[in-house]
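All remarks here apply to the structure that follows.
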Amino acid sequence: MTKKSLDHVLKEYIDGIKSIYPKADYLFSNDTLFIVVPKEKLRDVTEFIHNKMDCYLRTCLGSDERPLLGHFALYHIFGDDRNGLNIVVKTYLDPKKPVAPTIMDIVPAADWCEMEARDLLGIEFEGRKQYRLVLPVGWPDNLHPLRKDVPYNIRPRPSAVGERITPPKTATATIPVGPYHPALHEPEYFELYVEGETVVDVKYRGFHVHRGIEKLGESRMNYQQVNFLAERICGICGFVHSTCYAQAVEKAAKIDVPERAKFIRSIVLEIERIHSHLLWIGVAAHLLGYDTGFMHAWRIREHIMVLAEFLTGSRKTYGINLVGGVRRDINEDKKKQAIEVLDKVEKDYMEYLKALLAVPEVKKRATETGILPKEDARKLSVVGPTARGSGLDRDVRRDVPYAAYNYVDFNVPVYDSGDNLARLLVRADEVIESIKIIRQLLDQLPKGPIMAEDFEIPENRAAVSLAEAPRGEDIHYIITGDGRPYRWKVRAPTYQNIPALKVMLKGAPLADAPLTIASIDPCFSCTDRIYVINETSARKIVRIGIGLCPG
Amino acid sequence: MSEYIKKSIWVFHLNTGSCNACDIEILDALTPYFDAERLGVKLVVSPRHADALLLTGPITYESLPKVIRAIEAVPRPRFILALGSCAVGGGIWHDTYSTIGGVPELLKILKNRGIEVDGVYYVPGCPIRPEALIYAVGILKGILQKKVKMRVRKAIA
């Protein structure tokens, strides 16, 4: 994209917003357009950006800026992937009684993030149904943990009385399974409503894994420590989170990261993708009743775990990211061994893949099940392999290159059929692409330092950072503060993908449900959110575990 | 070491708000490379079938009531394997607003409610290594010895 076209696009945005509100303040920095509008104009501006300019909502967040500027603020972050732009719309809210207009009817995806802002900051939204989303039952109504006057370690008495998860009218068929299923890796809960064998509706409740990460990052940690905290958002795709966080701070503070550090980050990111996809492929095989496939996938994956330990010092939760670079170098010896391991893994994996796809049950059960049509995929703005399995050609690594991805050449596998097999094949192909990427990166690894020297992080700068996690695009938004982030917001990929489950599951046979739910590779420790769908014609309630669902 | 449990230990996996790293390492321990099943460890589908709980995570408020119910459902003698730094002492979340801070706090709550636990085995690490999990199983079965003695030091205020 040429500079001129970017200017042109920016002018289009600014002119459009000025026609709605002539006094709008704006600022363009890195790849992000910041706009301030009053709350009366928020809905008009949203409609313009979302509907006319065809952007999608990345996320929204509230922020308590009373100590700084004397008010609450609400940010809506929109994305324009065609031009690689982020648009941040900021609205000031009253410090005593923050009330904002909802944009949920314009952008359905804003449902959760608005309720999250209400729970954590006490921002009320007008014109929509409000409910408790994030905080546990028994939490005091007027205590909002992300407000700056609330200490991070405040602990109201733990309520050991759980809410009744099932609504009373359908509780007649209660089976004592609860949110804990032995094969389930995380406490989350699906209810499928079935008529005969056909699923008519689905309900998901989660948020058992809300650990107060954002508050911790804003109150107890410093800039460098938050890297390690970010890695503990998720045990499977943690390195993506820590890279995304580090990039956000580097963008906000305009730090030049050495090329070598960027290459090392990309290598580790791809190693993580291989391990995550192999894990998923194994689990998918298990769900299809092909346990041999499960065991073999994990056998191959073990080599990758050992390689990760060899390169970073840890099997999981690598801990090598810092703001400004990385902590561990890859020397010639390690490079050689890494290539040897990759050769072995590639050989084993190709054999395995051939065997897996030759198993008739796998093909039969994955074909034509859990279909997500392209139109729905676009409307719901799904990300990652879920989008690519439905024919949406989206990949942050290629569209908005970060780390060292603009130095490598790789394909983005896209399948059009939108069924479980398509999502399986996307992941299967991505493993091969990842191996290819690591080989290229190791080959081109430039010489030089791995850590930027002498940098300062100025206060009150903001930045949006994107990264392609194994499950889709991960977004971190940061406002810098004194020695630590002033506000740090994470949006994980599964957040975008869960609503797509409703489309996939409706009208499908119950037996396909476990595979379909797993096919988006849900990660609940990242997502930590609730999705509630209205119950319609619920006849019978059946609870299922979704098998060895990976994070 | 238990005088009641010497042979196959059936375990129930209880995630109380962990980040999944420990959880995938548990699975890893059961797959071909480590193969804990050769020691008789089996992941079971209900706490009612289990001898021991593999507890990961710092125990969030939201999951607390469900955790208590799951522990109640385990028949005596019941053992808890607290896996990972989060479960051992709350880890990095030891004083955040939405967690109770690990198994020691949970044991206090259980004691107040009169729910007894016959033994707790702490496996530190972030995340735990599959070898550590297998070692803990060895201790539980009485074929290995504990590596460290517990000594409580007061934190410097």
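The values are calculated or read from the model by the stated rules, or taken from the named source; none is laboratory data. Worth saying up front: this structure is predicted, and the values here are computed from it rather than measured. Quick reminder, even Gly has a Cβ in these numbers, built from the backbone with ideal geometry, and neighbours come from all protein chains shown. Surface accessibility is based on the protein's heavy atoms, side chains included, excluding ligands, DNA and RNA. Shrake-Rupley method; radii C 1.70, N 1.55, O 1.52, S 1.80 Å.
May I ask for log10 I(q)/I(0) of the protein assembly as shown at q = 0.05, 0.09 Å⁻¹, from a Debye sum over the Cα atoms as equal point scatterers with solvent left out?
-0.22, -0.77
Could you tell me what fraction of 2.2 N^0.38 Å the Cα radius of gyration of the range A:269-360 comes to, as a two-decimal ratio?
With N residues counted in the range A:269-360, Rg over 2.2 N^0.38 Å equals 1.22.
Going from the alpha-carbon gyration tensor of the range A:213-496, what semi-axes, largest first and in whole Å, does one get by taking the root of 5 times each eigenvalue?
32, 23, 16
What is the mean number of Cβ atoms from other protein chains located within 10 Å of the Cβ atom of each residue in peptide B:89-102, rounded to a whole number?
Taking all residues of B:89-102 together, the mean is 6.
Percent antiparallel among DSSP beta bridges with both residues in chain B, to the nearest 5?
5
Filter the trypsin sites (Lys or Arg not before Pro) in the range A:1-54 to those in DSSP coil with at most 14 other Cβ atoms within 10 Å of their Cβ, and list the result. Walk me through the numbers on the way to the answer.
Values: sites: A:K3, A:K4, A:K11, A:K18, A:K23, A:K39, A:K41, A:R43, A:K52; in loops: A:K23.
Loop-located and lightly packed - A:K23.
Which order, highest average first, do A:347-359, A:263-275, B:15-27, A:426-438 follow once you tally other Cβ atoms within 10 Å for each residue and take the mean per peptide?
Descending packing order for the listed peptides: B:15-27, A:263-275, A:426-438, A:347-359.
Counting DSSP beta bridges with both partners in the protein assembly as shown, what percentage is antiparallel, nearest 5?
About 70 percent, rounded to the nearest 5.
Which three numbers, in whole Å and largest first, are the semi-axes of the equivalent ellipsoid of the range B:3-141 derived from its Cα gyration tensor as √(5λ)? Before the final figure, lay out each step's value.
Details: eigenvalues 98, 65, 29 Å².
Equivalent ellipsoid semi-axes, largest first: 22, 18, 12 Å.
Across bins of 5 angstrom width beginning at 0, how are the C-alpha pair distances of the range A:1-155 distributed, in whole percent?
2, 9, 18, 21, 18, 14, 9, 5, 3, 1, 0, 0
For the range A:218-281, what number results from the quotient of the Cα radius of gyration and 2.2 N^0.38 Å?
Normalised Cα radius of gyration, the range A:218-281: 1.21.
If packing is taken as the mean number of other Cβ atoms within 10 Å per residue, what is the order of A:376-383, B:70-77, A:315-322, highest first?
The densest-packed peptide leads the list: A:315-322, A:376-383, B:70-77.
Among A:K316/B:K42; A:K18/A:K502; A:K215/B:K149; A:K335/A:K363; A:K316/A:K364; A:K379/A:K506, which pairs are too far apart, with a Cα-Cα distance over 28 Å?
A:K18/A:K502; A:K215/B:K149; A:K335/A:K363; A:K316/A:K364
Among A:329-341, B:42-54, how do they line up by average Cβ neighbours within 10 Å per residue, starting with the highest?
Ranking, from highest mean packing down: B:42-54, A:329-341.
Could you tell me what percent of the accessible area of the range A:461-501 is made up of carbon and sulfur, with a 1.4 Å probe and every protein chain present?
Exposed carbon and sulfur together represent 40 percent of the surface.
Summing both sides, how much accessible area is buried between B and A? Use a 1.4 Å probe and give Å² to the nearest 100.
That pair of chains buries around 4600 Å² in total.
If you average the alpha carbon positions of the range A:306-347 and of the range B:53-128, how far apart do those two centres end up, in angstrom?
33
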